[in-house]
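Following: one structure in structure tokens, then a few remarks.
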Amino acid sequence: MDFANYDPAGANRSREIISAKIVIAGGFGVGKTTLVGAISEIQPLTTEALMTAAGVGIDDPSKVPGKETTTVAMDFGRITMAEDLILYLFGTPGQTRFWFMWDEIIRGAVGAAVLVDTRRITDAFAPLDYFENRNLPYVVALNRFDDAPQYELEEVREALAISPDVPLVMCDARRRESVKQVLVTVVEHAMLRLQAEHGFAAPVG
Amino acid sequence: MEPRRDPRGALVRPYAVTRGRTEPLQNIALEAVLSCTPTQSAEARFAGHDKYRIASVCEGRAQSLAEIAAYTRMPLGVTRVLVADMVAEGLLTLHTAAPATGFAARMNLLGRVLSGLREL
């Protein structure tokens with residue numbers, strides 16, 4: 001028997017490419033697109049979805065002549081990790097009334113990072129509640145703005161009523177290394193959560 | 001990618017390119033990756049302007065549904081209907097999004113993503 005052309009387990013087929021995604025949430029102007037752009041290999045792209053039935057009653061089209069649909073934009077970036085593995089980073093639409101879009105964005109996601117601006121800390125409540133309700137692993141990242149009041153992490157944890165098991169980190173959304181650390185924290189937290197759900201207590205190394 | 005040269009421009013109603021269909025044949029995830037071989041791309045030439053544009057975007061570099069929508073400047077819902085048709089017609093190859101179930105498969109994926117990030 002000739003093994004020279006032996007292809008184990010379907011190596012002849014075109015190689016499957018697996019994609020994963022991490023969600024970046026937070027209020028309008030908190031730096032979501034900046035964060036994505038700091039680490040993405042492509043300029044952040046924008047995908048637009050049209051608000052149709054889900055928007056009925058929220059956006060009354062009759063009040064805007066000629067306007068039948070509202071466009072919801074979301075920004076995203078890409079990190080090609082291997083020939084067969086791509087990580088996408090999706091920013092959520094800033095306006096919380098576009099929940100239908102959020103559901104689509106988080107489906108199958110590894111986890112999420114909620115970006116917080118200490119000048120508008122209450123903007124973080126909606127995404128925090130949302131991820132808590134959907135049982136998506138998330139971390140909170142405090143984006144450092146030079147002119148913003150500086151708080152201790154624990155003060156912020158208390159102000160946002162973040163439970164002790166949720167990681168809280170400082171970050172600078174403009175810096176690649178800092179963003180990388182936020183994403184590493186998201187994945188590590190997701191692994192811990194998954195292990196805990198399956199009865200493992202050991203921490204990830 | 002060639003620049004947008006669609007004479008219908010923005011005046012066309014978004015779902016006209018799908019002949020009014022708003023439900024895709026399958027609900028492809030935003031991050032699900034699609035690829036197109038030169039053979040598939042050549043075939044897509046005969047599948048209409050919009051499908052050929054989609055094929056061109058994916059040729060040589062696998063792209064997610066979200067990227068296809070962004071590069072072709074079509075709304076996400078419209079893109080999803082066309083892409084799902086193309087998968088059914090064999091003009092595009094759909095790759096799996098992250099496995100949502102199965103502890104071992106999920107842990108393995110998270111581990112790969114984690115080391116991928118650390119190596120950046």
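Key figures for this structure:
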| quantity | calculated |
| --- | --- |
| Stretchable slack from residue B:26 to residue B:115, in nm (0.36 nm times residue separation minus alpha-carbon distance) | 28.8 nm |
| Extended-chain gain in nm, criterion 0.36 nm per residue less alpha-carbon gap, residue B:89 and residue B:49 | 12.9 nm |
| Number of partner chain Cβ atoms within 10 Å, mean per residue of A:182-191 | 4 |
| Using θ = phi - 60° and Karplus 6.51 cos²θ - 1.76 cosθ + 1.60, couplings along segment A:115-123 (whole Hz; Gly, Pro as x) | 7, 10, 9, 5, 7, 9, 5, 5, 4 |
| Two-site label geometry, residue A:176 and residue B:73: point separation in nm, points 7 Å out along Cα→Cβ | 3.1 |
| Largest-first principal axis extents, alpha carbons of segment B:11-118, Å | 45, 28, 24 |
| Residues B:95, B:49 arranged by fewest to most Cβ contacts within 10 Å | B:49, B:95 |
| Calculated [θ] (222 nm, deg cm²/dmol) that DSSP helices of n ≥ 4 give over chain B, each run adding -39,500 (n - 2.57) | -13500 deg cm²/dmol |
| Residue A:21 long-range amide H proximity, modeled H, under 5 Å | A:88, A:110 |
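None of the figures in this text is laboratory data; all of them are computed from the coordinates on show. These numbers were taken from a predicted model, which means no experiment stands behind them. Backbone-built Cβ (ideal geometry, glycine too); neighbour counts: all protein chains shown.
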